[in-house]
Amino acid sequence: MVRPENLNDALKTLSRGGMTICAGGTDVMVYPPENARLLMVDRLPELKLIEDLGDAVRIGAAVTFTEGIESPIVPELMKAALRRIAAPAIRNMGTFGGNIGNGSAKADSVLIDFVLDAKLELASIRGTRTPDIDKFYLGRKKLDLAPDELIAAIFLPKPKGSWYYEKVGGREALAISRLSFAGVIDVRDGVITSLSAAFGAVADTVLRFKELEAMLTGKSLDEARAMKPDFIAAYDRAIVPIRGRVSETWRKEVCLNLLRDFLSQNGI
Amino acid sequence: MIEFVLNGEKVSWEGPDTERLLDVLREDFRLTGVKCGCKEGECGACSVIFDGELANSCLIPMAKADGAEIMTIEGLRELDCFRVLDRAFAEPAAVQCGFCTPGMVLAAYSLLKKNPHPDENEIRDGLSGNLCRCTGYRAIVEAVKLAAKEGGKW
Amino acid sequence: MSDSIGTPVIKKDHCDKISGRALYTDDWPMDGVLYGRILRSKKARARIVDIHLPPLPEGCYIIDRNDVPGVNRVHIVKDDCPVFADDTVEYIGEAILMVAGPDKKETGRIRDSIEVEYEELEPVLDVLKSEECFFEYGCSRGDLDAELERADFVYEEQFRSGSQEQAYLEVQGMEGMWQDGITSVRGSMQCPYYVHRALAGVMAVDEDHVRVLGEVTGGGFGGKEDYPSILAAQVAVAAKKTGKPVRCVFERREDIECTSKRHPSLYNIKAAVRDGRVTALDVDIVLDAGAYTTLSAVVLQRAVIAAEGIYNIPVLKVRGRAMKTNTVPNGAFRGFGGPQSFYALELLFDHIAQKLGRDSLEFRLEHCAQKGDPTSTGGIFHFDVPIPEMVEELSKLCGYGEKHKKYAAEQSGRYRRGIGMSLFYHGAGFTGAGERDMIKAVLRLKKNRDDNVEILSANMDIGQGLTTTFAKIAARELGLPLDRVTVADPDTSFVPDSGPTVASRSIMVVGELIRRAAARLKEQWVSGEECIVEERFREPDFVLPFDPERFEGDAYPTFSWGVQAVELETDTLTGYTRILGAWGDYDIGTVIDENIARGQMEGGFLQGISYASMEQIPADKSGRIRNSSFSDYLIPTAADIPVLETIFHPVEYSDGPYGAKGAGELPTAGGAPAWLMAMQQIVCRELNCIPFTTEDTLRTLGEVSE
């Protein structure tokens, strides 16, 4: 076990290889790798900060979900998702970085990272890069993350306008997402200036279709209303759900229902 | 060598990084009030207080325990505030088979420590990671209400 | 009223349990104890061709069928379940052998490295394709054909129900020892003497050479009625072979995959309707028994007996079969065949009422059995049936009438609501002649020199509070303070066989033996002297003796009655449904402890609700259970049941202690039908399949709106 004092030391250790990164432990310990050596990043000061950057918030990767909920600067949309994660004991240990690093399309905070166009701060001894979240996810459990890289932080833009969030699990709490949806829309003087919609637990990664979102950007609400059937139909074609414990049919239908409702709630 | 504070005492332990805190507490420290129900963070029977926060000890690797302060039911029962919880759980008979109980009491303690006057929803959320198959939860929620009403030095 | 026996007390096991001091099976030190890990079949049906064992380190052992000293069969009802598989395996999860060793991880690694060569055989996974009937029972009254002929119309419907896992929080666990020719087993269980008798056969010893100790047990719900006999046999054989104590405590996945569950069921019902009333019922029941018989015979009997619901129908024919499939054996689960029947019958009557344009509740009440009416097996309802009064009480409590009417009107908007009410009973005590012919309960009270009294019984406190309620009964009869009466550890070396902890019999049957023993002890009381008083079960005089051959007579001396209501709200965008409230009214006779009884009613009710909704055991094509973990097999959390209210409507029972009768299983029977009826209001369609999932809900909403 290595518990580095600071980020630099952590990156040095990581670069030497042979370590498994661990923060909260809530994912790695479901099937604990027996002989793994753990690089503990849970108390790294650089990874524990939440900073207000004006238009965005920088959330350290080792910030726990509970800390996120309790923070005055984490956007409410993110908090809405955090509150629906499992239960207090998991939220107390689980971290933003871990949720991303796990690579699951069901990760509740990752849906919000997607819908808000978050960037990640990936650190290594070679330097730092900040990929867009959607570029970071390459496929099912596939991440654009080199072995010597550590997820250090998330740059989470604050939502502009109004947001919509829904998670469907198997029960009220302690539930893995069977489907989740988040939408953000900004309407100025009756014109949609930005719109984003993300779908979790539908496919191998969180889904977002920026080219479809663009259909409504710049349109007036009246125009958007007229385009709504086409817009929904386009999503119907674009979303290809995978089959899991719930059927593709249900997933598709709920995605479209929630998308439709998101628009209705915003006058579309 | 992994060192941590366990129920107020400094202890040390040696072994694999990914050993579950749950197993170490039960097998090496003989703290069997910590129960194993699922080993995947889905039942809460293994709850402990980890650095002041409720946690599932089955999902805590020993490497994470290094430097931490951990309290189990065996530690909590020595605190004054335990008496409040004890009475509050006794009154509505919130304990049936008892297997979830130590974890449930720690969840209640953790909730009240953060929020001494929780409303019904906050109580239910606070207990939502601790499964009980016996009670239907009504009596447990009532117990937490009673404890909150009585108050304690959480 | 502090003088009432129902006045709650602090439970006797409260302090030990809340402080974490209570020692469950796996909490005892492992000093010198070997870990046992079981190798299980990965095939639903196969012949075992060969088993390749790795080299075993010193101190590790393999235990298989060749090590069984007696018969390689565990006595439950029939003796068909092997201790360790013979040449074939019949379900995924069946035990093939055990590895025992001093190190937990090492033992697991050895187990995982064993390779089994199988010759696969075609498994039967669909109960409708099964050709092997384990058991068949039936009962009838009147001329069915004539009544079907005479009917205004014959209503036919099929009802399906799925499986359900008991999901006790403490997994199965058992430790075996063998010393000086005595086999001892201690562990988590409901029925020490069931285990005791099974061990005698497996170990080929007489019953004096077996000792079984029931440890503190973390929930059972039926799941620890049959299965502990199997696990006990396995650890006992291992202990004899190794000469050391061997403990086997399951992993949660293992527990869900290989232990017995609630029987999935298929009911085909024909109902003759004449002049607005149901005049005949023809009920055909198929239960999926799984690979071995375990308790299917008795579960099926209860299902058959309850197949008239709470109703009295002039003409009746019930035929029930328990069919073999190559799936995990199904056994006891709270309600024991009753929940399947009440679910089907409540929905059937509701649907017939719809067809007749009648109010469902009114229609059902018109058919409700009354005191003096015949039971399905030609017995008699000897006592008052308080269902009509209970319906009134409960309706008032939850605003049923108003809500039901409101939700029946067309609902618009994203969220829709529904409310449903179920009427049901639980036949109190062991089914049929079991209590009289098989169990023959014996109970002792032991007064010590210090004038404290011990209750010697084999009944287990598995959370339902027997150590408290038993003591309350004895203390009251003796006029002693409660702390002077204790319940002795259920250890078969010194407690008599007061019978299993099943069938909601403990308070009614054993509690009454305690009361009678206490009354006699009081008469004989000499301060400072030791005294033992024994009581034996006597069938109450009023009972029409049950004839097991003809399946006729009083299957139960009395019945506990229940009415439950469930109110739901569904999100029409997702199909997700949450519970708004659940209300129950129960006649369990005199309530021995209001808190404890309430706890029983609430917990059982919630199990019944989630049986219809969130609890699912899907299997893949190979017969493997897919939901074998607690992240996939969902049971309700504290956030899922915001309102849960209980009231009692006690009708005293002449032959129970202070008027008490069966309690524990009653509340589980009504949850599913009440939930499903509420759901019917939401989806505007008659339903006949549980579990009814979020997906089903959304699909049905879609179909209906089209």
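Numerical summary
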{"quantity": "Meets criteria (over 24 Å from C:PHE692 (Cβ atoms) and modelled with pLDDT of 95 or more) for C:TYR611", "calculated": "no"}
{"quantity": "Total residues in segment C:1-58, condition polar (S, T, N, Q) and at pLDDT 95 or above", "calculated": "4"}
{"quantity": "Options C:ARG358, C:ARG444, C:ARG364, C:ARG416; residue that is of a type in the set (D, E, K, R), at pLDDT 95 or above and within 30 Å of C:PRO496 (Cα to Cα)", "calculated": "C:ARG444"}
{"quantity": "Matching residues in segment C:246-284 - criterion: being surrounded by fewer than 24 Cβ atoms within 10 Å (Cβ to Cβ) and part of a loop (DSSP other than H, G, I, E, B)", "calculated": "C:PHE250, C:GLU251, C:PRO264, C:ASP275, C:GLY276"}
{"quantity": "Checking C:SER610 against (1) farther than 23 Å from C:GLY429 by Cα; (2) facing another protein chain (nearest Cβ under 9 Å); (3) free of Cβ contacts under 8 Å to residues at least 60 places away in the same chain, the condition it does not meet", "calculated": "(3)"}
{"quantity": "Which listed residue is modelled with pLDDT of 95 or more, in the same structural domain as C:VAL591 (by TED's automatic domain parsing) and part of a loop (DSSP other than H, G, I, E, B), from C:GLU645, C:GLU695, C:GLU652", "calculated": "C:GLU652"}
{"quantity": "Pair list, Cβ under 7 Å, 6 or more apart: segment A:157-178 residue over 24 Å from A:PRO131 (Cβ atoms), other residue at pLDDT 95 or above and basic (Lys, Arg)", "calculated": "A:LYS167/A:ARG84; A:VAL168/A:ARG178; A:GLY169/A:ARG178; A:GLY170/A:ARG178; A:GLU172/C:ARG578; A:ILE176/A:LYS106"}
{"quantity": "Leading residue by the ranking (surrounded by the most Cβ atoms within 10 Å (Cβ to Cβ)) among those in segment A:54-73 that are over 23 Å from B:LEU59 (Cβ atoms) and not small (Gly, Ala, Ser)", "calculated": "A:VAL57"}
{"quantity": "Subset of segment A:196-221 (residues that are touching a residue at least 24 places away in the same chain (Cβ under 8 Å) and either assigned to a helix (DSSP H, G or I) or farther than 19 Å from A:TYR164 by Cβ (or both))", "calculated": "A:ALA203, A:ASP204, A:THR205, A:LEU212, A:LEU216, A:GLY218, A:SER220, A:LEU221"}
{"quantity": "Qualifying residue in segment C:526-548 (condition: buried (at least 18 other Cβ atoms within 10 Å of the Cβ), part of a helix (DSSP H, G or I) and in contact (Cβ under 8 Å) with a residue 60 or more places away in the chain)", "calculated": "no"}
{"quantity": "Strands (runs of 3 or more DSSP E) contained entirely in segment B:15-120, each with at least 2 residues that are over 18 Å from A:PRO32 (Cα atoms), among the β-branched types (Val, Ile, Thr) and within 10 Å of chain C (Cβ to nearest Cβ)", "calculated": "none"}
{"quantity": "Filter result (within 14 Å of chain B (Cβ to nearest Cβ) and either among the hydroxyl-bearing types (Ser, Thr, Tyr) or over 24 Å from A:LEU138 (Cβ atoms) (or both)) within segment A:173-223", "calculated": "A:ALA173, A:LEU174, A:ALA175"}
{"quantity": "Segment C:489-514, residues that are closer than 17 Å to C:ARG476 by Cβ and in a loop (DSSP other than H, G, I, E, B)", "calculated": "none"}
{"quantity": "All helices (runs of 4 or more DSSP H) inside segment A:81-154 with 2 or more residues being farther than 12 Å from A:THR205 by Cα and without any contact (Cβ under 8 Å) to a residue 24 or more places away in the chain", "calculated": "A:88-93"}
{"quantity": "Segment C:147-174, residues that are farther than 30 Å from C:SER229 by Cβ, outside any strand (DSSP E or B) and either in contact (Cβ under 8 Å) with a residue 40 or more places away in the chain or in the same structural domain as C:THR327 (by TED's automatic domain parsing) (or both)", "calculated": "C:GLU147, C:LEU148, C:ARG150, C:ALA151, C:ASP152"}
{"quantity": "Tally of residues being assigned to a helix (DSSP H, G or I) and either in contact (Cβ under 8 Å) with a residue 40 or more places away in the chain or closer than 17 Å to A:MET215 by Cβ (or both) across segment A:235-249", "calculated": "4"}
{"quantity": "Options C:ALA303, C:ALA307, C:ALA344, C:ALA332: the member that is crowded, with 24+ Cβ neighbours inside 10 Å and either in contact with a Cys (Cβ under 9 Å, 6 or more places away or on another chain) or of a type in the set (S, T, N, Q) (or both)", "calculated": "C:ALA307"}
{"quantity": "Subset of segment A:1-40 [out of contact with any Ser or Thr (no Cβ under 9 Å at 6 or more places or on another chain), among the aliphatic types (A, V, I, L, M) and at pLDDT 95 or above]", "calculated": "A:LEU7, A:ALA10, A:ILE21, A:MET40"}
{"quantity": "Evaluation of B:ALA139 against (1) buried (at least 18 other Cβ atoms within 10 Å of the Cβ); (2) assigned to a helix (DSSP H, G or I); (3) more than 9 Å from every other protein chain (Cβ to nearest Cβ) (one fails), failing number", "calculated": "(3)"}
{"quantity": "Odd one out for C:ARG685 among (1) closer than 29 Å to B:ILE140 by Cα; (2) assigned to a loop (DSSP other than H, G, I, E, B)", "calculated": "(1)"}
{"quantity": "Members of segment C:28-53 that are touching a residue at least 12 places away in the same chain (Cβ under 8 Å), closer than 22 Å to C:VAL185 by Cβ and either crowded, with 19+ Cβ neighbours inside 10 Å or more than 8 Å from chain B (Cβ to nearest Cβ) (or both)", "calculated": "C:TRP28, C:GLY32, C:VAL33, C:LEU34, C:TYR35, C:GLY36, C:ARG37, C:ILE38, C:LEU39, C:ARG40"}
{"quantity": "Residue within segment A:238-259 that is more than 14 Å from chain B (Cβ to nearest Cβ), among the hydroxyl-bearing types (Ser, Thr, Tyr) and touching a Phe, Trp or Tyr at 6+ places or on another chain (Cβ under 8 Å) present", "calculated": "no"}
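Let's see how each residue does on (1) buried (at least 23 other Cβ atoms within 10 Å of the Cβ); (2) in contact with a Leu (Cβ under 9 Å, 6 or more places away or on another chain); (3) without any contact (Cβ under 8 Å) to a residue 60 or more places away in the chain; (4) of a type outside the set (A, V, I, L, M, F, W, C):
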position	(1), (2), (3), (4)
C:GLY604	yes, yes, no, yes
C:ASP620	no, no, yes, yes
C:GLY623	no, yes, no, yes
C:ILE647	no, yes, no, no
C:SER654	no, no, no, yes
C:GLY664	yes, no, no, yes
C:TRP675	yes, yes, no, no
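The values are calculated or read from the model by the stated rules, or taken from the named source; none is laboratory data. As the structure is a prediction and not an experimental result, all values here were calculated from the model. All Cβ positions, even for glycine, are placed from backbone atoms using ideal geometry, and neighbour counts span all protein chains on display.
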